[in-house]
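First up is the structure itself, then whatever we jot down about it.
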Amino acid sequence: MSPLFSIRYGAYKNSGEGWLGEVPSHWHVVRLKSLFREKKHRSNMALPCGAISFGEVVHKNDEMIPELTKKSYQEVLSGEFLVNPLNLNYDLASLRIALSEIDVVVSAGYIILQASALIDRKYFKYLLHCYDVAYMKLLGSGVRQTISFGHISSSLLLCPPLKEQSAISRFLGIKCAQIDQAIQIKERQIELLKERKQLLIQQAVTQGLDPRAPMRYSGVDWIGDVPAHWVIKKIRYLGTTQNGISAGAEFFGHGHPFVSYGDVYNNEELPEFVSGLANASAADRSQYSIERGDVLFTRTSETAEEIGFASTCFKTITNATFAGFLIRFRPKINILFEGYSKYYFNAPMLRAYFVKEMSIVTRASLSQQLLKNMPVLFPPAEEQREIYDFLERETAKFKMAIEIQIQQIGTLKEYKATLINSAVTGKIKVPEIVESPMQNMELA
């Protein structure tokens, strides 16, 4: 990525607004209400439903919206700006202002802005994104920090000459597309690295590390051939299973360590220190204990794809209990080494097993019966440790490569945000803009 453009305008002035800073002297600083008006509520049952999502107006599933609810929705057309004014203090990340490129109806709680002056809408799409992140979240009233048009109408915005607005929006359109493409390439590289890592794990825990070892059919189609000397048994013969504890709200928030769904989901190793607390009795702490070698599985969720994620305990958590959304598998002593469990129970083939076998009513739920029927391959103890050591070394390389890609994506996103902010506030002059004596003239 090339360094940020450093061409500046010839003269600057104080905008009078902190988030704008100094701006080109020929640009106008105006109130939002001089550029936009609030659109009056207009129903339109012929249009599909929509909503705002991270700075874009998107379609919603009409089948999920009751007809009576849709009747209360308001029309937003392509070229109009949509503002989500609700719960600003609960969401500090997503963009809440969008230039609509589709015709839809949206919740009556949204604010819809129509341009009341001749403007380049795409320039203001970028400017209002910056305004949202830097300033709008400071506005509003009430516990839920909800805003109205009155809260934003007197906000200061910039209004460069129309030709400059268009030049900036064209420039940012090209540059942002290039950055987004670079991010997409890196995201795909991350997915490929994850796939290669998972294939490596699956090969190690189903075929071992010795390519010369005699093989035999496992008896399970989704496992295939395995080393002839490995043992295959269902979980029911390898240890015990236990659903987690369920209790009312008064049970939580104080007391002893409590392992939650979040501690298990996407954590191959159970954290040694968990943030949850529960007022568990001595009997609870005995029945729902967490010991070294235990494997916890996610048990219930909205979708089958989130069921059966496993986290292995490498160190006993004294006096701990675990959530009812989880199942604990406790292997018999010296059956499974915890390092081998970490990788075996997170192999891709087991994800496929859980998703295929899952029963869904209103929520996906993993039963103890299904878990007990799951086959487990386990090599001799020494070989389990060898597989663990090998996978620790090799997966560390993938993790490092993935982390590098993640850091580079973060750098690209920061560059993009800085580029947008610098261009729309005049800190840089985009190459298309040519100095002209007309720049110092007032707008008509």
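A few notes on this one:
- Eligible lysines near residue 197 by straight Cα distance, threshold 18 Å, same-chain separation 8 or greater: 186, 342, 397, 399
- With a 1.4 Å probe rolled over the protein heavy atoms of all chains, the accessible area of 33, 342 falls in the order 33, 342, largest first.
- With protein chains left intact and a 1.4 Å probe, residues in the chain average 50 Å² of accessible area per residue.
- The dipole here belongs to segment 116-186: it is taken about the Cα centre, uses +1 on the Cβ of Lys and Arg and -1 on the Cβ of Asp and Glu, and is about 140 debye.
- Taking every protein chain into account, the 1.4 Å probe leaves residue 155 with about 10 Å² of accessible area, to the nearest ten.
- Dipole of segment 198-340 [Lys/Arg +1, Asp/Glu -1 at C-beta], most positive-end residue of 324, 290, 253: 290
- Heavy-atom accessible surface of residue 26, to the nearest 10 Å², is about 20 Å², with a 1.4 Å probe and all protein chains retained.
- Dipole in debye (nearest 20) - the chain, about Cα centre, beta carbon charges: Lys, Arg +1; Asp, Glu -1: 340 debye
- Annotation: aspartates and glutamates with alpha-carbon distance below 16 angstrom to residue 356 (same-chain offsets under eight excluded): 221, 302, 305, 306.
- Sequence-distant lysines (8 or more away, or on other chains) whose Cα lies within less than 24 Å of residue 137: 33, 39, 40, 122, 125, 413, 416, 427
- Carbon-plus-sulfur accessible fraction, the chain (probe radius 1.4 Å, protein heavy atoms only): 54%.
- Matching label, Rg and Dmax of the Cα atoms in Å computed from the structure shown, candidates (i) 25.9, 87; (ii) 28.9, 87; (iii) 21.3, 64: (ii)
The values are calculated or read from the model by the stated rules, or taken from the named source; none is laboratory data. What you are looking at is a predicted structure, and each value in this text was computed from that prediction instead of being measured. Every residue, glycine among them, receives a Cβ derived from its backbone with ideal geometry; neighbour counts consider all protein chains shown. Accessible surface areas use protein heavy atoms only, side chains included; no ligands, DNA or RNA. Shrake-Rupley method; radii C 1.70, N 1.55, O 1.52, S 1.80 Å.
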